[in-house]
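First comes the structure, then the notes that go with it.
The values are calculated or read from the model by the stated rules, or taken from the named source; none is laboratory data. Everything numeric in this text was worked out from a predicted model, so none of it was measured. So basically every Cβ, Gly included, is an ideal-geometry build from the backbone, and we count neighbours across all protein chains shown. SASA here: full protein model, heavy atoms, side chains in, ligands and nucleic acids out. Shrake-Rupley method; radii C 1.70, N 1.55, O 1.52, S 1.80 Å.
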Amino acid sequence: MSVSTTTTPNPQVIAVANNKGGVGKTASAAAIAGELARQGHAVLALDLDPQAGNLTAVLHQRGYRGHTLLSVLLGEATLEEIIVETKQANLDLLPASIQLLSQESRLQRIPGYHGLLRRLLPQLSGYAYLVIDCPPSLGDLTSLALTAADVYVIPCQAEQLAFDGLHDMVRAAGVVRDNLNEKLTMAGIFFTAYHPNQRGALNHGTVEATRRIYGDDALLPHIRKDMAVPMSQATQQSVCTYDPTSRAAQDYQLLTQAILKAL
């Protein structure tokens, strides 16, 4: 898929963000992007995690060492040079590598760096959707993504530490909305590896606490635990293409529908 240079509308941008790792963020970004592509939309998945480049490993190549988004922002590469195709039709990837760590410190030296990705969107107008896998932190790269995003979603695990980090993520997004991107909206929160039948367990209590604090409308469809997710990652596919009939794929289909309603 080639990047369009026409004047079609900018892609709608979905940021998948949480300042805690290990909550299914990357698997969710891959699944949401994969489901949108499965529906026939042109989608670009964007890996902004310099610590591991997990989305790049899931959809393209482990140990990638090439150029990244910041290479483009710093004038060291073009989008055409770094965007790669994935195994799935309609789905391209803008990869990340460990080099993103060293490049991140250079980002702050660019005037108005928070808005750099947003200003790049016209060059990505060949895509209907841009799905960003943010780093597990509240730093500059997450701010860069949220400043460009239309909506953000927060994957979370039903445990106390993840629940505590949820508040920090919402507050940080509120700062971006108030100062950099007034259109930014939280599409919602969803729980991964969820066990809906364990009514007396901690995970159910955490979900109910989230409901009390943020309201029913903030809760998106949850994702049940399913071995199809790690299996799909091992074959470098989203779970929605690896096994569309799996529990996780069906859950991500419902989740994606709910996100589209928020756009």
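Tabulated data for the structure shown
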read-out: The stretch 170-190, residues that are assigned to a helix (DSSP H, G or I) and in contact with a helix residue (DSSP H, G or I) (Cβ under 9 Å, 6 or more places away or on another chain); value: VAL170, ALA172, ALA173, VAL175, VAL176, ARG177, ASN179
read-out: Checklist (1) more than 28 Å from GLN236 (Cα to Cα); (2) of a type in the set (Gly, Ala, Ser); (3) modelled with pLDDT of 85 or more applied to GLY165, failing item; value: (3)
read-out: Filter result (among the charged types (D, E, K, R), in a loop (DSSP other than H, G, I, E, B) and surrounded by 17 or more Cβ atoms within 10 Å (Cβ to Cβ)) within the stretch 217-263; value: ASP226, ASP243
read-out: Single residue of the stretch 48-57 satisfying the filter (over 24 Å from ALA128 (Cβ atoms) and part of a loop (DSSP other than H, G, I, E, B)) that is modelled with the lowest pLDDT; value: GLY53
read-out: ALA37 open to solvent by less than 60 Å² (accessible area, probe 1.4 Å), at pLDDT 85 or above and within 23 Å of ARG118 (Cα to Cα); value: yes
read-out: Residue within the stretch 134-150 that is aliphatic (A, V, I, L, M), out of contact with any strand residue (DSSP E or B) (no Cβ under 8 Å at 6 or more places or on another chain) and surrounded by fewer than 16 Cβ atoms within 10 Å (Cβ to Cβ) present; value: no
read-out: Qualifying residues in the stretch 195-216 (those that are modelled with pLDDT under 85 and among the aliphatic types (A, V, I, L, M)) - the one most open to solvent (accessible area, probe 1.4 Å); value: LEU202
